[in-house]
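Right, one structure below, let's go through it.
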Amino acid sequence: MPGNDFDGHGGPRSKGVAADELRRHNLAVVLSRLHLGGPVSRSELASGTGLNRSTIADLIGELLGLGLVEERPGLAASGPGRPSPIVRTRPEGAVVLAVELTVDSIAVATVGLGGHVYNRLRVERPREHLSPEEAVGDIANLARPLLASLPTHHTFVGVGVGVAGVTRRSDGFLHLAPNLGWRDIPLGELLAAELKVEHPVSVANEADLGALAEHWRGVRPGVRNLIYVSGEVGIGTGVIVDGEPMLGSAGYAGEAGHTLINPAGRACRCGAIGCWETEAGEAALLRHAGSLSSATGLSVLDTLSKRAAAGQGATLTAIAEIGRWLGLGIGNLINLFNPDVVVLGGLYHRFYPFLEASVVQGARSQALAASWASATIAPSGLGADAPLVGASELALSDIIADPASIARTAVRKPVSPRRRRGWPHEPRSSH
Ligand SMILES: [Zn+2]
């Protein structure tokens, strides 16, 4: 909590440590408020954080010195005295590359502090088991022009990657991505080498990132209890409990797609029978839709979208059938987690208008009345970009948590090999 009640117990040394901790905490509170909430006056910042005006002035001074915020004169106030200056983040003060790798597409974006998107690019990729090296090469080829077009004086701080798989965030190791056919890939290392960045590349499960993005910037920003359910080839789920991501002991929590929904159902690619995604995933949709089942990929989903929009009965029935199973599983999650909101992303966002009635009916039939009463089901506020937004926030999170660390970061702009000579600017020295 922000405030001035941080009382360092103990001797002079621990008091110094406590004061450092307090300052770092307060810097993070102010920068986070500006990053997520947008421009605000100094006086509003003081009232919103509970910090007094002189502390705010001091913290803003440090953030200005770090190049992370900028100030403009405030508008004339109605009351007496000078208007309070308006503070806002300086996007180029901390810039990241966000990447989303899915079975069907690669998306990259350059994003600055405050969520400022400099550039964004999404390309479809053939649904084949491309090797990790090929995929990393494709990502780098897409990213290089975006990185080269960033403002000259930006400060690059890292790369965040969302992937449909089981990952270890600390070093970007990908244990398993069944839909890509990958196992035990040092994805973060491969991408860092290809992009020639010295910063670690953070890699996380794309549904976990989608959940964080919706929590921070999506359908209901700041909501404390949120479940993100994304239909891709499988079902990805990310859970926010009391404002914090639920990751589990080793970071693998939230694999709701592989919870049992139909004991008399089909074999799942995980080896079990009747997993949720066997009844509500993309394969189930194509199965129910009939003749499309031999083909896969985005073009098939485009066709289904068009048929649904045209009111074709068989397609609407197929969508309603997976909607019913989707709703039953969501009812289970509502009973488990008592969320404020269940956000539907990916396939479910795309087909939401046609799914909504059956999902709500299925969920209502399964959820306990008390939990159902406080839960809302809503389509993603960020659409297809939710995991990409989450990846950018992941890459910015270290700077937000410890703004002064940017001065200690050896900043080197990644460039394409042919541009490696003649840096537009040298790594920023510590100050
Ligand atoms: Zn399964």
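Here, each number is a calculation from the coordinates, and none is a lab measurement. The model shown is predicted, which means the values in this text are computed figures rather than measured ones. Backbone-built Cβ (ideal geometry, glycine too); neighbour counts: all protein chains shown.
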With charges only on Cβ, +1 for K and R and -1 for D and E, what is the dipole size of the chain about its Cα centre, in debye, rounded to 20?
860
One checks the Cα atoms of the chain and finds Rg and Dmax, in Å, of 23.4, 75
Rg to Rh ratio, the range 90-136, alpha-carbon atoms and Kirkwood radius?
1.11
Along the charge dipole of the chain, Cβ charges K/R +1 and D/E -1, which of Trp325, Leu34, Pro85 sits furthest on the positive end?
Pro85
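Is the C-alpha gyration tensor of the range 293-406 telling us rounded, prolate or oblate? Criteria: a/c under 1.5 is rounded; beyond that, a/b larger than b/c is prolate, otherwise oblate.
It comes out oblate by the Cα gyration axes.
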Residue-span extension gain [Asp340 to Ala369] - 0.36 nm each, minus C-alpha spacing
9.1 nm
Can you compute the FRET efficiency between Gln361 and Ala310 using 1/(1 + (r/R0)^6), with r the Cβ-Cβ distance and R0 = 22 Å? Round to the nearest 0.05.
0.40
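Relative contact order for the chain using alpha-carbon pairs under 8 Å, separation at least 6, rounded to a whole percent? Walk me through the intermediate numbers first.
Values: 873 pairs, mean separation 68.8, N = 431.
It rounds to 16 percent for the chain.
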Compute a Gaussian network model of the chain, connecting alpha carbons closer than 10 Å, and tell me which residue from Arg120, Arg224, Arg266 fluctuates the most.
Arg266
When N counts the residues of the range 133-278, how does its alpha-carbon radius of gyration compare numerically with 2.2 N^0.38 Å, as a ratio?
1.17
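Rounded to the nearest 5, what % of DSSP beta bridges with both residues in the chain are antiparallel?
65
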Per the helix-only calculation at 222 nm, which mean residue ellipticity applies to the chain, given -39500 (n - 2.57) for every DSSP H run of n ≥ 4 and division by its residues, nearest 500 deg cm²/dmol?
-13000 deg cm²/dmol
Would you list Glu21, Glu244, Glu393 from fewest to most Cβ contacts within 10 Å?
Glu244, Glu21, Glu393
Likely footprinting exposure, Trp325, Trp276, Trp372, fewest C-beta neighbours within 10 Å first:
Trp372, Trp325, Trp276
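Under the 0.36 nm per residue contour assumption, what length would be gained going from the current alpha-carbon distance of Ala253 and Leu146 to full extension?
My answer for the length gained is 35.2 nm.
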